[in-house]
Amino acid sequence: MPLALLALAVSAFGIGTTEFVMMGLLPQVADDLGTSVPTAGYLVSAYAIGVVVGAPLLTALGSRVPRKRMLLLLMALFTVGNLASALAPGFGWLIAGRVLAGLPHGAFFGLGAVVAARLVREGRQARAVATMFLGLTVANILGVPAATLLGQHLGWRATFLVVSVIGLLAMAALARLVPHVPVDERQSLGREVRALGRPQVLLGLLTAVFGFAGVFAVYSYLASMTTEVMGFGDSTVTVVLALFGLGMTGGALAAGPLTDRALRPTLYGSLAALVLTLVAFRFTVHVPWLALVTVVVLGAVGFMTTTPLQMLVMNKAKDAPTLASASNHSAFNLANAGGAWAGGAAVAAGWGWTSPALVGAGLTVVGLAVAAVAGLLDRDRSGRTGEGASRVVAKSPRTAVEPPVSRPASRASGS
């Protein structure tokens, strides 16, 4: 794998850390800024709003900017947003900092996925995309627990200062390792928008919204389940979250080669496995050791859905994949928000702390149904549904995922 994928993974590590660490810092932030924990929870929503708005907006604005330069600009905006969060004098300013930090999230992952796929030969595109996403999963194993502990001992502002430094390191890695990736001269905003409106792309985005919502229906309340149902102390919450991150990493490693081999079967299988795991968690959560095993499996099958969904929308957008790829991350964040809301509504209705697992299973069933409908429509049109990711994108010379960029070594860091 090219070293450029390492630079993308380091960037993903920083983004993943800042996205999820706020959940563990809410008490410290609320106490320091004189607000309640539920009110401080709006900081999680603020980041998600930034992602949903920024993904299509920044992708559209940067449609004619060279790919490497755009990646650097997005990571610079991410760094500024985290620095603004660290220096925020009040709650309103911190909300603004979180929105600013979230704006480049979807655009970076969307564009990064396209660039990653162009850096490798046919047959390995999904593995390249999964490698970039490994940074996001490692953030949940190491970045989020470490940043949470740092915030608890040195204050939450120290956490965002450290994430700002990670952003600077990521920019240096991108500048040094990512080769020049030119903009396709045929690419235009109009073409990107038209590609986004294709039925198969929209069905892919809808699958992400409902399918991945099942994960966050549980993940959002995993800390409370750990203490209220599993019977562990507060100090174990970080361990449980790290176990979830280990599962995510395993899922990402498995998803790449499986998606390269057979995209839709991987998507169907991971969504079906997610439904079964969520239903099982409703019962295993009462047995501590079995609950921990299920948490690992939940992270694995949940994150295994992301690579096939990412490749699906890129493939179906064909020669204009960037906006669709970025919008997929808006869909994932809508899933995050929707899953958390649905799970919380079940708890508020008095159904108990285990009810989000069954709610999540129901949401994922809807996502699986949407994916199945999309597959049937593809079968009616082309007569095959189990194609590998790479063969799909290689059907036409006007493909979204072009052959690897080959540049002399002296130009490897040019933009």
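Please tell me if Leu142 is surrounded by fewer than 19 Cβ atoms within 10 Å (Cβ to Cβ), modelled with pLDDT under 90 and over 19 Å from the mean Cα position of the chain (by Cα). Criteria not met by Leu142. Checking Ala107, Ala113 one by one, the residue that is crowded, with 20+ Cβ neighbours inside 10 Å, touching a Gly at 6+ places or on another chain (Cβ under 7 Å) and either of a type outside the set (A, V, I, L, M, F, W, C) or assigned to a helix (DSSP H, G or I) (or both) is Ala107 and no other.
With Leu71, Leu58 as the choices, which residue is assigned to a helix (DSSP H, G or I), open to solvent by less than 10 Å² (accessible area, probe 1.4 Å), at pLDDT 90 or above and closer than 24 Å to Asn315 by Cβ? Testing whether each residue is assigned to a helix (DSSP H, G or I), open to solvent by less than 10 Å² (accessible area, probe 1.4 Å), at pLDDT 90 or above and closer than 24 Å to Asn315 by Cβ leaves just Leu71. Cβ-Cβ contacts under 7 Å between residues 6 or more apart (or on different chains), taken from a first residue in region 267-280 that is open to solvent by less than 40 Å² (accessible area, probe 1.4 Å) to a second residue that is not in a helix (DSSP H, G or I), are listed as Leu267/Thr305; Ser270/Met304; Ser270/Thr305; Leu271/Thr305; Leu274/Thr305. Take Arg121 and tell me if it is part of a helix (DSSP H, G or I), more than 16 Å from the chain's Cα centre (by Cα) and among the basic types (Lys, Arg). Judged against the criteria, Arg121 is not a match. Screening region 196-312 for helices (runs of 4 or more DSSP H) wholly inside it with 2 or more residues that are at pLDDT 95 or above returns the ranges 199-219, 263-284, 288-303.
Here the condition is being surrounded by 24 or more Cβ atoms within 10 Å (Cβ to Cβ), among the hydrophobic types (A, V, I, L, M, F, W, C) and at pLDDT 80 or above; of Ala389, Ala357, Ala346, it holds for Ala357 alone. Take Tyr42 and tell me if it is open to solvent by 40 Å² or more (accessible area, probe 1.4 Å) and not small (Gly, Ala, Ser). Answer is yes for this residue.
The values are calculated or read from the model by the stated rules, or taken from the named source; none is laboratory data. Model, not experiment: these values are computed from the prediction. Cβ: placed from backbone, ideal geometry, glycine included. Neighbour counts: every protein chain shown. Ligands, DNA and RNA are excluded from the accessible area calculation, which covers all protein heavy atoms including side chains. Shrake-Rupley method; radii C 1.70, N 1.55, O 1.52, S 1.80 Å.
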